[in-house]
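This report concerns only the one structure given below.
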Amino acid sequence: MMVIEKGLQSRVSEHLAQTRVADSPYYQTNPSGRVPYLICEDGLGLEESLAICDYLDSLNGDPLLARPAPLQALTVARLDARAGSLLDGLAVWFRELVRPSDERSQTIILHEKARAQRLLDGWEADITHPWMTGALNHAQLRMLCALAFALKIRGFDWTPGRPELSRWFETMRQRPSFMATEPPSK
């Protein structure tokens, strides 16, 4: 999304990273195997969405993403971390669901589903925070990705009983950068 938001399509190329496979060529590029991963123009690699977004935002002149004022920094960090927790837990849940059925852990699946429900319930109120409804920022990007990813989990519909969160998502998913990068439907 940041590549599109910043108009950097001609400067950034995307490559499919095959992870969780023994001897994947990707491990030569990024030994941790985590995605996303960006190789910067100076050849150094960046891992973690926040760092990658900051780097991309520094290119082409004026930064796009809103930055919190010092007195807001803790609140903003809390919102961004909660969006990250939701996304991380959903990823664990999804990975567990795509494993062979005899290797799945129902304990992990139930734990991550319950965590997602708790976090989503909290987000129903937090999504109206001025930081989440104002200028584009990291927390919004991370939350948008988390909600879209949640829709990819078969049998999980986070929208009932969460009208504010649903409205926010429907508005944010209209961004051209999201529409161009949204994963295919389940």
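The values are calculated or read from the model by the stated rules, or taken from the named source; none is laboratory data. It should be emphasised that the depicted structure is a prediction, and the values quoted were computed from it without experimental measurement. Here Cβ is always computed from backbone atoms with ideal geometry, including for glycine, and neighbour counts include all displayed protein chains.
See the values below:
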{"quantity": "Restricting segment 21-41 to residues that are over 20 Å from Cys145 (Cβ atoms) and assigned to a loop (DSSP other than H, G, I, E, B), the residue that is modelled with the lowest pLDDT", "calculated": "Val21"}
{"quantity": "Qualifying position, being surrounded by 16 or more Cβ atoms within 10 Å (Cβ to Cβ), within 30 Å of Thr19 (Cβ to Cβ) and touching a Ser or Thr at 6+ places or on another chain (Cβ under 9 Å), among Gly84, Gly89", "calculated": "Gly84"}
{"quantity": "Verdict on Trp158 being farther than 19 Å from Ala81 by Cα and either assigned by TED's automatic domain parsing to the domain that holds Ala91 or surrounded by 13 or more Cβ atoms within 10 Å (Cβ to Cβ) (or both)", "calculated": "yes"}
{"quantity": "Residue ID - nearest to Val3 (Cα to Cα), chosen from residues in segment 35-69 that are surrounded by 12 or more Cβ atoms within 10 Å (Cβ to Cβ) and among the charged types (D, E, K, R)", "calculated": "Asp57"}
{"quantity": "Residue among Ala125, Ala116, Ala135, Ala148 that is within 20 Å of Ile4 (Cβ to Cβ), assigned to a helix (DSSP H, G or I) and either in the same structural domain as Arg78 (by TED's automatic domain parsing) or in contact with a strand residue (DSSP E or B) (Cβ under 7 Å, 6 or more places away or on another chain) (or both)", "calculated": "Ala148"}
{"quantity": "Of residues in segment 1-20 being loosely packed, with under 15 Cβ neighbours inside 10 Å and of a type in the set (D, E, K, R), the one modelled with the lowest pLDDT", "calculated": "Arg20"}
{"quantity": "Some residue of segment 23-37 being within 23 Å of Asn137 (Cβ to Cβ), touching a strand residue (DSSP E or B) at 6+ places or on another chain (Cβ under 6 Å) and touching a residue at least 12 places away in the same chain (Cβ under 8 Å)", "calculated": "yes"}
